[in-house]
Amino acid sequence: MNKQIIYTRSQTFWLVLLRLLIGWHFLYEGIVKMINTGWSSSPYLMDSQGFLSSFFHSIASNPGVLSVVNCINIYGLILVGLGLILGCFSRYASIGGVIFLAMYYLSHAPFIGAEYMMPTEGSYLWVDKNLIEIGALMVLIYFPTSQIIGFDRYINTLLKK
């Protein structure tokens, strides 16, 4: 990425704000899971429906794999959140966020006839908050701001030396 990124002030403001808001969402979700010592992804995984439900059920039914998935979920969410908030390796953080959200979407896809035990905030059909947040992260991948406001600006300078 040797090209100079130029946005207007308002474009920069809104893109950075989007990055911070999504970063906060990931960071907070990870911290809440870490603080809640009884948290496990097992109920969420067992509630999965659709063409990948057997995959998610197999994760939940294997204690060793479930333990690893819980750990990846907690610390991955925290790292993605910190990366986005600090603008540090934010492209990798955004890609990681897309992967997390895609897994959440695939485990609880809002398709016709799907009824989940886990409560939702609304009524969805094909498009839910996970898919919308994936779209927002894709905007951040293709219109990065961490080279303007973030630690990536300094990391990039050090790597060029």
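The values are calculated or read from the model by the stated rules, or taken from the named source; none is laboratory data. The shown structure was predicted, so the numbers you read here are calculated from the model rather than taken from an experiment. Here the Cβ is made from the backbone with ideal geometry for all residues, glycine too, and neighbour counts use every protein chain on show. For accessibility, only protein heavy atoms count, side chains too; no ligands or nucleic acids. Shrake-Rupley method; radii C 1.70, N 1.55, O 1.52, S 1.80 Å.
Structural remarks
- Sole residue being under 16 Å from M103 (Cα atoms) and touching a Phe, Trp or Tyr at 6+ places or on another chain (Cβ under 7 Å), chosen from S42, S48: S48
- Residues in region 60-89 that are open to solvent by less than 80 Å² (accessible area, probe 1.4 Å) and without any contact (Cβ under 8 Å) to a residue 24 or more places away in the chain: A60, N62, G64, V65, S67, C71.
- Per-region count, region 14-59, residues farther than 18 Å from Y105 by Cα, in contact with a helix residue (DSSP H, G or I) (Cβ under 9 Å, 6 or more places away or on another chain) and in contact (Cβ under 8 Å) with a residue 60 or more places away in the chain: 6
- Counting only helices (runs of 4 or more DSSP H) that sit wholly inside region 1-112, those with at least 2 residues that are under 30 Å from D152 (Cβ atoms) are 9-35, 63-86, 90-107.
- Extreme residue, farthest from K129 (Cα to Cα), among residues of region 26-56 that are open to solvent by 60 Å² or more (accessible area, probe 1.4 Å) and among the small types (G, A, S): G38
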